[in-house]
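The values are calculated or read from the model by the stated rules, or taken from the named source; none is laboratory data. Not measured: the values here are computed from a predicted model. Positions of Cβ are backbone-derived with ideal geometry, glycine not excepted, and every protein chain shown enters the neighbour counts.
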Amino acid sequence: MVQAVLKVTSSLDSQRHTRMEVLKEKVEEEEAAEREEAAERAERGEKTKRPMEVRREETTLTQEMLRDLERKLSEIEVSVPEKLLTFTKDTIDTSKLPLSYQSNTLKEEHLLQVADNFSCQYSHLCPDRVPLFLHPLNECEVPKFVSTTIRPTLMPYPELYNWDTCAQFVSDFLSMVPLPDPLKPPLYLYSSTTVLKYQKGNCFDFSTLLCSMLIGAGYDAYCVNGYGLQDLCHMDLTREVCPLTLKPKETVKEEEKAPPKKYAIKPPRDLTSRFEQEQEAKRQEAIKAEEENRRKQEEARLLEQENAKTDPLHGLRVHSWVLVLSGKREVPESFFIDPFTAHSYSTQDDHFLGIESLWNHKNYWVNMQDCWNCCKELVFDLGDPVRWEYLLVGTDKPFLSLTEEEDEGMNDDDDVEKLGKEDEDKSFDMPPSWVEPIEISPEAFETRCPNGKKVIQYKRAKLEKWAPYLNNNGLVCRLTTYEDLECTKTLEVKEWYQHREDMLELKHINKITGLNADYFKPGHPQALRMHSYKSMQPEMDRVMEFYETARLDGLIKREETPKTMTEYYQGRPDFLSYRHVNFGPRVKKLALNSAESNPRPMVKITERFFRNPAKPADEDVAERVFLIAEERIQLRYHCRSDHITANKREFLRRMEVDSKGNKIIMTADMCISFEVEPMEHTKKLLYQYEAMMKLKNEEKLSRHQAWESELEVLEILKLREEEEEAHTLTISIYDTKRNEKSKEYREAMERVLHEEHRRQVEAQLDYLAPFLAQLPPGEKLTRWQAVRLKDECLNDFKQRLIDKANLIQARFEKETQELQKKQQWYQENQVTLTPEDEDLYLSYCSQAMFRIRILEQRLSRHKELAPLKYLALEEKLYKDPRLVELLKVFV
Amino acid sequence: MNRLYDMEPRVMDDEMLKLAVGKQGPREEAGQLAKQEGILFKDVLSLQLDFQNILRIDNLWQFESLRKLQLDNNIIEKIEGLENLTHLVWLDLSFNNIEAIEGLDTLVNLEDLSLFNNRISKIDSLDALVKLQVLSLGNNHIGNMMNIIYLRRFKALRTLSLSGNPVAENEDYKMFICAYLPDLVYLDFQRLDDHMKELAEMKHQYSIDELKHRENLMQAQLEDEQARREELEEHKVAFVEQLNGTFLFDSMYAEDVEGRKLSNLPGVGELLETYKDKFVIICLNIFEYGLKQQEKRKAELETFMECVQEAIQENQEQGKLKIAKFEEKHLLSLNAIREESELSNIETKIVEHSEDITALLNVLMTLEMQLVEQLEETINMFERNIIDLVGLFVENVQSLMAQCRDLENHHHEKLLEIAINILEKIVKGEMDEDLPDDLRSLFIDKDTIVNAVGASHDIHLLKIDNREDELVTRVNSWCTHLLDKIHKDEIMRNRKRVKEINQYIDHVQSELDSLEYGDLLD
């Protein structure tokens, strides 16, 4: 059979043979002879990933037998996966799938033959390698070549234009099903449309879908069949650190030191002992080294713990992922994408242990390089036939980077060969994909995960995702971090929200400290940016941050403790930057006015100000402290640019009455001031008196503002509670599905349209049609016929009206009779009736009465309308275009 | 308008002013305080002296910070004695007998001036009042429309009253003012509407355009002059003013009678031309070199100043930090002492705190001394550099000037040669051309002509020497002045800082002391 196939694709074949031989010659530098060739193969086999004992002395027969055995074994194993695969086998309705799914075209058949041939040669040349993954069965049990399963599609969503979002979508959208046999590629490879429909798939389904989307978006992407780590194959992220918990690295900007200027002063002489410094430095270093050592040991221990269980099947687990080559879409470097997790890895990553083959929608390449060191030394130059054996000749991967010297050796032969090849290129290329275009509905796109929910377990963390609007409180994502590897002790919970009317974006709950922090987007009615608290009770520890530009008072932050309140401001016309209020214990009040608010007395108010450029520095207050309880006011002024000390002033207003009982207005010791440059006018009592009066007013104002701040806190807390309670979501007016108003409007419009349509249909009903049908067709109506037609039509209508009236009458009578009967029955059996029966009877009565009334109404209405309807029809008949000419006389 | 002298004119004496100040001072509690303390005239902001029959404004020199002064309804005849009131914003002189506007040249801050009901016939002498917004000149004797054009220079003027003047009887009065004072908003207490303004503008367009043109020309001329003056100033700073042309050369011949006569000799004309060209080129060299050197000196000075400022700033920051730290501690220990009840503890605490204060004093002083040392070093370095720079400049200029002198000597020799040749020709009677009489008079004998040429040469050399000396002395004096100033500033700074530190320490100490006494009293 092999021979037959060989004949079919002889030309391709011989070519390949010769080329392979040439290559081998080059590698081994030996003459081409059957036996040696076998030896070379063996040698090569040893180099490939899994060296196998192949003895060149062994006869081909035993090899054949071995292969047979292998095949049989694999066939035995097949039954096992089929049971595992049942999750879709039963549910997939293959009958509705298009024809291309259920059969192969001629070209596809041809391709399959080519592939078979290729496979045969491959297994012949590399007997120690596993058979290639070339044409698995699709959902209709039809073998399809893997490349034709890739259906390049550009998605209509701008979010899916880049590889990262694309990969994230695929990993979210599909739920992962493990391979039936973790050591072999699957027997079935479904179309992406089916996979999308059921939102389930194994790694091959994942990578095929992702590859289709990436190629559609213009990337140079390939599906890879290879070997991966256990975690990778099982989508096990429990040993990965969650990317969301990683803190972004702070970029430390080193400030560029300006070159010392010509007249820069010399630093003062350093008089400390250098020896002592050195000793100190040595000691510090020793301590540091010790710490480092301890830390390293600890780390090593942890690592050991984590990696305690090793995989017995390491290096044998089959996995499929996506390779993106550099070049297209400005990809600077080739990289892998794991379709399960949507993570990108460099091509040197440890997770990937080897590559068997890779393919895109145009061709199929087999890896001929050695994978002893995982994928670290692989060269992804698909044009290099030594490293990558291709299935079809001359698709768009030319010999990418053949170096000159390689070229020189075989230039002459090559030219001739190429000529031949080119002819064949045209004769055969990859048939178009049999898969229907990939479509994702907007609903599905928005819902993303199957049922809109997805849970990922990371190392010491759990990530849950929901589709927007799925949770009625707007929750879209929750990250729970744990203290231990077993995930039993919760450290903290982060919840992300979307579309909240209160603009809540993130809720951060620290389970250890009990601290909650809510973060808001701009647009909260109170301009809240962040609210961190332990309890929602007022007068407790809390911090509120605000969007200061949205607030009239320029408040940035308000911190509260049970006894204090601190506020930070910016951009105020009075240059206030800081206010700190100390509260004293609440004074107990009489029960009488308990209903009134009882604010805590303020003990001390400290206010700080920015520099007011309009005033000279030594008249510009920097800080003022109102010691309310002690009736003292302390002022500190800004420091002048050429001074190091600042003016200070303290007002005492305790003694109001002197020894004789006279009122003292102002005395010199009521104002203690320190002035850096003594000024004359400030010594005056009048000046001091006026300043004090002003300060007293300002104190009142500050107290009032502090009180207002307290009120505002209460208000915000109340508002927050209400918002938490209501958790209403905003719906964009463009979101026609969710926006109730627009939905109603649209439905109303549809209804109107529908009715309009019905009316039109009604109007088109031809009342003359049954009568016209009686007349011989095609003839013109005579006048007599027309009159008769009209009369008949009217009579008929009259009859109908009468019939209808009779019908209603009959129903009416029937109902009344039944009711009477029932009443009679009731009166007779009234005594023996159970309460249930009575109830039944009563409800029947009321229903019957209702029906009778309705019938009565209908009858009377019919009686009213019938003559009118009759006249209307008559009128209409007179105006009918078919009769109008003939009936004119009568009008 | 004349009010009769029905009352005795009064003199503005101290008593009157005190009374007025006292009456118009603060009220109630503040008033009591003010009475207790007395009010200084220089603190008064506003003063009202109406209906006082004042004849002469006097005794107001003490009111330095006065903002508002009302002298209406008096019999003042002359505006005087207001020179010191430079902060005045509002001045009311209405209902007086003033005949001319004068004595307002120092009141640059004046915004509101009322001269209502006086005998003024001409608007002038208001040039200094650049901020004038309101001008009231009603009920006066102003008769000439042209007075209004004078008001065009007050860009801020918004309100004007001129009713009751002969001008106002002119039928075109309103239109004229509208047209010539387009920024005016109120005239005679009425708002000028836009329509009116448009009409007026159309009516007087031609004359206004002409006026504007003239004003613009004037403005341009002024600006030109300003620019020229600035340029000259710049050159003067570089000590090479008027070396960028033929000025020096021309000045050499300005006082040189013989030289001018001799230039009429045949052949001397060309000689003079080449000499002049060469001379001017050297002058230009000096000029450019001077400007370049000036740039260098400026840059040097700037970097020096910058560095010194930075050093001082840094030192101040350190000082501030120390003081802030101390202040925290200070407050705490003061409170602690206050609350302590046991006497022995109080004493130890007080002692401890005074030690802290001394430590602060030491730290601050050390910082200051450190800065002084550092700055001294830097200043010395700068001094050396700037002296070197100036020396180099002087040296180079002198060498260039020497070139000028060489040229002059060369020219002198040539001239002498020509003169002697001509003398010989004249003596031999071979002279064809006619020489002017005054020139011929020089060619009497050899001595005379040699003396004449020599005198001319001497004058030229003198001029060159003078210019050189001027430059050198000026640049040297600039240098010494600059260095003096830097040294002086540094000394002042140091003294100020030391004083500041001492003051602060005294204050802190006194706080502690007062606490001690208070405790002792308790």
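Here are the numbers:
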{"item": "Qualifying position, being over 27 Å from B:Glu258 (Cα atoms), of a type in the set (D, E, K, R) and either within 14 Å of another protein chain (Cβ to nearest Cβ) or outside any helix (DSSP H, G or I) (or both), among B:Glu377, B:Glu395, B:Glu430", "result": "B:Glu377"}
{"item": "One residue from B:Glu8, B:Glu15 being away from chain A (no Cβ under 14 Å) and either surrounded by 14 or more Cβ atoms within 10 Å (Cβ to Cβ) or under 30 Å from B:Gly164 (Cα atoms) (or both)", "result": "B:Glu8"}
{"item": "Residue within segment B:223-235 that is within 25 Å of B:Glu470 (Cβ to Cβ) and assigned to a loop (DSSP other than H, G, I, E, B) present", "result": "no"}
{"item": "Filter pass, B:Leu217 being of a type in the set (A, V, I, L, M) and touching a residue at least 12 places away in the same chain (Cβ under 8 Å)", "result": "no"}
{"item": "Qualifying positions in segment B:222-246 - free of Cβ contacts under 8 Å to residues at least 12 places away in the same chain and under 30 Å from B:Asp438 (Cα atoms)", "result": "none"}
{"item": "Qualifying residue in segment A:120-132 (condition: assigned to a helix (DSSP H, G or I) and surrounded by 22 or more Cβ atoms within 10 Å (Cβ to Cβ))", "result": "no"}
{"item": "Hey, B:Glu500 in a helix (DSSP H, G or I) and within 14 Å of chain A (Cβ to nearest Cβ) or not", "result": "yes"}
{"item": "Positions within segment B:91-139 being of a type in the set (Asp, Glu) and in a strand (DSSP E or B), in sequence order", "result": "B:Asp92, B:Asp112"}
{"item": "Segment B:52-71, residues that are closer than 21 Å to B:Val89 by Cβ and in contact with a Gly (Cβ under 6 Å, 6 or more places away or on another chain)", "result": "B:Ile57, B:Leu60"}
{"item": "Only listed residue being modelled with pLDDT under 75, basic (Lys, Arg) and buried (at least 18 other Cβ atoms within 10 Å of the Cβ), chosen from A:Lys426, A:Lys418, A:Lys397", "result": "A:Lys397"}
{"item": "Meets criteria (touching a residue at least 24 places away in the same chain (Cβ under 8 Å) and in a helix (DSSP H, G or I)) for B:Lys276", "result": "yes"}
{"item": "Residue tally, condition farther than 25 Å from B:His213 by Cα, surrounded by fewer than 16 Cβ atoms within 10 Å (Cβ to Cβ) and of a type in the set (Gly, Ala, Ser), over segment B:128-167", "result": "1"}
{"item": "Number of the exception - A:Ile672 against (1) farther than 30 Å from B:Gly38 by Cβ; (2) within 14 Å of chain B (Cβ to nearest Cβ); (3) not acidic (Asp, Glu)", "result": "(1)"}
{"item": "Qualifying residue in segment B:88-107 (condition: away from chain A (no Cβ under 14 Å) and touching a helix residue (DSSP H, G or I) at 6+ places or on another chain (Cβ under 8 Å))", "result": "no"}
{"item": "Single residue of A:Lys534, A:Lys588, A:Lys557 found to be out of contact with any helix residue (DSSP H, G or I) (no Cβ under 7 Å at 6 or more places or on another chain) and modelled with pLDDT of 90 or more", "result": "A:Lys557"}
{"item": "Qualifying residue in segment B:316-339 (condition: within 14 Å of chain A (Cβ to nearest Cβ), buried (at least 16 other Cβ atoms within 10 Å of the Cβ) and without any contact (Cβ under 8 Å) to a residue 24 or more places away in the chain)", "result": "yes"}
{"item": "Options B:Gln70, B:Gln48, B:Gln52, B:Gln62: the member that is more than 14 Å from chain A (Cβ to nearest Cβ), under 24 Å from B:Leu160 (Cβ atoms) and not aliphatic (A, V, I, L, M)", "result": "B:Gln70"}
{"item": "Subset of segment B:81-110 [at pLDDT 90 or above and in contact with a Gly (Cβ under 9 Å, 6 or more places away or on another chain)]", "result": "B:Ser94"}
{"item": "Residue that is in contact with a Leu (Cβ under 8 Å, 6 or more places away or on another chain), at pLDDT 90 or above and within 14 Å of another protein chain (Cβ to nearest Cβ), where the choices are A:Arg624, A:Arg632, A:Arg608", "result": "A:Arg608"}
{"item": "Residue within segment B:479-487 that is at pLDDT 85 or above, within 14 Å of chain A (Cβ to nearest Cβ), out of contact with any Asp or Glu (no Cβ under 7 Å at 6 or more places or on another chain) and surrounded by 13 or more Cβ atoms within 10 Å (Cβ to Cβ) present", "result": "yes"}
